[in-house]
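Written below as structure tokens is the structure these notes are about.
The values are calculated or read from the model by the stated rules, or taken from the named source; none is laboratory data. None of the values given here were measured: they were computed from a predicted structure. Here the Cβ positions follow ideal geometry from the backbone for every residue, glycine too, while neighbour counts run over all protein chains shown. What goes into the accessible areas is simple: the full protein's heavy atoms, side chains included, and nothing from ligands, DNA or RNA. Shrake-Rupley method; radii C 1.70, N 1.55, O 1.52, S 1.80 Å.
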Amino acid sequence: MKRDDSVCKVLIRKALPSDMEAVLELAGDIFEGEQKIPRSLNPIPPEQNPQWWCAVADGRIAGTAAAFEEDGRWHIGRLAVAKEMRGRHIATELLKTAAAFVFDQGVDAIYMEARDITVAIVQKMGGRVTGEPVPFYEGTVTPVVLEKERFL
């Protein structure tokens with residue numbers, strides 16, 4: 001069955017405080033349900049200056065990503081897209097939006113520990129792999145960096 005993408009428009013925006021319950025619920029459903037990552041790891045402590053984005057489709061949260069500071073470096077993570085919304089480049093748009101915001105703050109590099117599909121997206125944006133994959137719950141994550149000078 002062919003999907004009709006014109007039926008559902010997606011808006012990428014900063015998450016509002018009123019979005020956070022749904023954002024964390026989606027992240028928990030995806031990470032715990034698909035990768036066995038405990039829901040308790042999804043919230044980001046305030047001291048890490050979390051900045052959340054969401055994809056909104058048909059009035060509901062369809063995807064999310066977060067930028068945050070850790071060990072003196074900026075990271076992007078918590079990238080999740082609802083199963084029924086995958087294949088529409090929502091993750092790509094969330095990453096582009098979050099990265100542009102972080103780079104606009106004067107940051108030169110963003111670090112991620114990413115699943116293979118996200119590594120491919122980051123590489124298309126000019127990012128590069130910085131190490132070998134390491135086990136992380138169900139599967140592996142690979143360290144990658146996206147530098148401002150290479151960001152598309």
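Before I look further, what does the chain give for accessible area per residue, probe 1.4 Å, in whole square angstrom? Before the final figure, lay out each step's value.
Working: 8520 Å² over 152 residues.
Averaged over the residues of the chain, the accessible area is 56 Å².
Which whole-Hz ³J(HN,Hα) couplings does region 82-93 yield from phi under the Karplus relation 6.51 cos²θ - 1.76 cosθ + 1.60, θ = phi - 60°, glycine and proline marked x?
Karplus-based 3J(HN,Hα) across region 82-93 equals 4, 3, 6, 9, 5, x, 10, 6, 5, 4, 4, 5 Hz.
At a Cα cut-off below 14 Å, give the aspartates and glutamates reachable from residue 36, other chains included and same-chain residues fewer than 8 away excluded.
Those aspartates and glutamates meeting the cut-off are 138.
Kindly write out, for region 64-78 in residue order, the coupling ³J(HN,Hα) from the Karplus curve 6.51 cos²θ - 1.76 cosθ + 1.60 (θ = phi - 60°), rounded to whole Hz, with x marking Gly and Pro.
So the J values, rounded to whole Hz, are 7, 7, 9, 10, 7, 9, 8, 6, x, 10, 8, 10, 10, x, 6.
Rounded to the nearest 0.05, what FRET efficiency is calculated for residue 120 and residue 9 with R0 set to 35 Å and r the Cβ-Cβ distance?
Efficiency computed from Cβ-Cβ geometry: 0.90.
Under a Cβ-only charge scheme (Lys and Arg +1, Asp and Glu -1), can you give me the dipole magnitude of region 36-81 about the Cα centre, in debye to the nearest 20?
260
Just name one of 85, 129, 45: the one whose Cα is farthest towards the positive end of the charge dipole of the chain (beta-carbon charges, Lys/Arg +1, Asp/Glu -1).
85
In the chain, if the dipole is taken from +1 on Lys/Arg beta carbons and -1 on Asp/Glu beta carbons about the Cα centre, which of 64, 152, 141 is farthest to the positive end?
Value: 152.
Ordering 29, 19, 58 by how much accessible area each has at a 1.4 Å probe, largest first, what is the list?
The residues order as 58, 29, 19, largest area first.
Could you please state how large a percent of the accessible area of region 1-131 is carbon and sulfur, counting protein chains only and using a 1.4 Å probe?
52
Based on Cβ point charges of +1 for Lys and Arg and -1 for Asp and Glu, what charge dipole magnitude is obtained for the chain about its Cα centre, in debye rounded to the nearest 20?
Roughly 540 debye, rounded to the nearest 20.
Calculate for the chain the 222 nm mean residue ellipticity that helices alone would give, adding -39,500 (n - 2.57) per DSSP H run of length 4 or more and normalising by residue count, nearest 500 deg cm²/dmol.
Working: 3 runs with 40 residues, N = 152.
The helix-only estimate for the chain comes to -8500 deg cm²/dmol at 222 nm.
Which of rounded, prolate, oblate describes region 98-152, given a ≥ b ≥ c as roots of the alpha-carbon gyration tensor eigenvalues and a/c under 1.5 marking rounded, otherwise prolate only if a/b is larger than b/c?
prolate
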